[in-house]
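S.K.: Dumping the structure here so I can ask a few things about it.
Read the figures in this text as sums done on the coordinates, not as results from a lab. Predicted model, so just to flag it, every value in this text is computed and none were measured. Please note: Cβ atoms are built from the backbone with ideal geometry, for glycine as well, and neighbour counts cover all protein chains shown.
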Amino acid sequence: MVQVSLKYRVEITPREEADYQAYVAEKMAGYRAGGLSGNYAPATPDYAYEDMNAAVKLVRERASEFHVKPDRIGIVGFSAGALMAVYNAECAPAECKADFIGSIYGQLVMREMPDKLPPLFAAMSSDDELSGQSGFEIIQAWQKRGIAELHLYGQGGHNFGMGHRP
């Protein structure tokens, strides 16, 4: 197995600590307000999706060089990256579409359910204030096609508690 990590472009944030904290607080309030209802999709810049699509395409084109099968290229994303992985399944051009995706504590939001979907692995905590109560209709749609596995943990919050260490 070969693992490639994508460092995609993100939006520019304020440089000063106080301004950055205010910016993050405003963003998180928006995520929380709509995250539980499943009606809020964080605004990820188009160039982040372009980076993800370019990465999948590049790995597929250079599969023999990387010693991987060109039809076994997947995306596993965490949090915002998980949202991007689901977006790839929904909207990416064929040459950029992953063959399987993993959504780890990501908000499961889809505007359209395409006819062809890759297999999905999803893991989240039910007490995740950003995504733990949304997206189950998407999981069910994938499960009806027999290509989804969901691991729902009772506790862990967003990031499975990684941000709460002393």
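S.K.: Only counting other Cβ atoms within 10 Å, I'd like 139, 73 sorted with the fewest neighbours first. All intermediate terms of the calculation are to be shown ahead of the outcome.
M.R.: Working: 139 18, 73 22.
Going from sparsest to densest Cβ surroundings: 139, 73.
S.K.: Oh, and also: Quick one: which residues, 5+ away or cross-chain, put their amide H under 5 Å from the amide H of residue 125? H built at 1.01 Å from N.
M.R.: Close amide H contacts, sequence-distant or interchain: 153.
S.K.: What number comes out for the charge environment of residue 81, summing +1 per Lys or Arg and -1 per Asp or Glu over other residues with Cβ under 12 Å away?
M.R.: Cβ neighbours under 12 Å give a net charge of 0.
S.K.: Here's another thing I want to ask about it. Averaged over every viewing direction, what's the projected area of the C-alpha convex hull for the range 17-164? Give it in nm², one decimal, please. Provide the component values of the computation, followed by the final result.
M.R.: Values: hull surface 39.4 nm².
So the mean shadow area of the Cα hull is 9.8 nm².
S.K.: Also: 7 Å from Cα along Cα→Cβ at both residue 72 and residue 95: what's the point-to-point distance in nm?
M.R.: My value for the distance between the label points is 2.4 nm.
S.K.: How about the range 79-118: which GluC sites (Glu not before Pro) there are in a DSSP loop, with at most 10 other Cβ atoms within 10 Å of their Cβ? Don't jump to the answer; show the numbers that get you there.
M.R.: Numbers: sites: 90, 95, 112; in loops: 112.
Passing sites in the range 79-118 are 112.
S.K.: Arrange the following residues from fewest to most other Cβ atoms within 10 Å of their Cβ: 152, 120.
M.R.: Numbers: 152 13, 120 23.
Listed from fewest to most nearby Cβ atoms, that is 152, 120.
S.K.: Under the Karplus relation 6.51 cos²θ - 1.76 cosθ + 1.60, θ = phi - 60°, what is the ordered set of whole-Hz ³J(HN,Hα) values for the range 5-17, x standing for Gly and Pro?
M.R.: 9, 9, 9, 8, 5, 10, 5, 6, 10, x, 7, 6, 4
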